[in-house]
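Visitor: The following block contains the structure, expressed as structure tokens.
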Amino acid sequence: MSPDISMCSNKQCKKECYRRLARPDTYQSYSKFTVKNGRCKDFMACSFIPIISTIEYQKKMNKIIKKGKPVSDTLIEMLDEAGKYEIKEKSK
């Protein structure tokens with residue numbers, strides 16, 4: 001089911017905000033919510049952050065690197081992607 005909310009298009013948005021992490025609908029509305037002093041009055045806590053293994057995480061990062069973008073864009077995309085997950089170390 002798709003969210004019935006305005007999603008956030010602000011690059012300063014917190015990584016764990018539902019407005020940023022929700023899967024958009026085909027006809028999704030977006031807003032650039034205002035962040036002041038590191039806070040957003042429209043913040044929606046998101047308790048669901050997927051847990052992935054280090055191997056899965058590395059595969060995602062390799063996929064981003066292979067896109068052939070400039071280094072600065074690649075690093076920004078990697079940081080954005082990294083903020084979406086809690087990484088679980090492989091058990092020994």
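Just so it is clear, none of the values below were taken in a lab; they were calculated from the coordinates. Worth saying up front: this structure is predicted, and the values here are computed from it rather than measured. FYI the Cβ positions are ideal-geometry reconstructions off the backbone, even for glycines, and counts take in every protein chain you see.
Visitor: Could you pull out every residue, at least 5 positions away or on a different chain, whose amide H is within less than 5 Å of the one on Ser53? Hs are placed 1.01 Å off N in the peptide plane, and Pro or chain starts have none.
Guide: Long-range HN contacts for Ser53: Lys88.
Visitor: Points 7 angstrom from Cα along the Cβ direction at Leu79 and Lys11: gap in nanometres?
Guide: Here the modelled spin labels are 1.0 nm apart.
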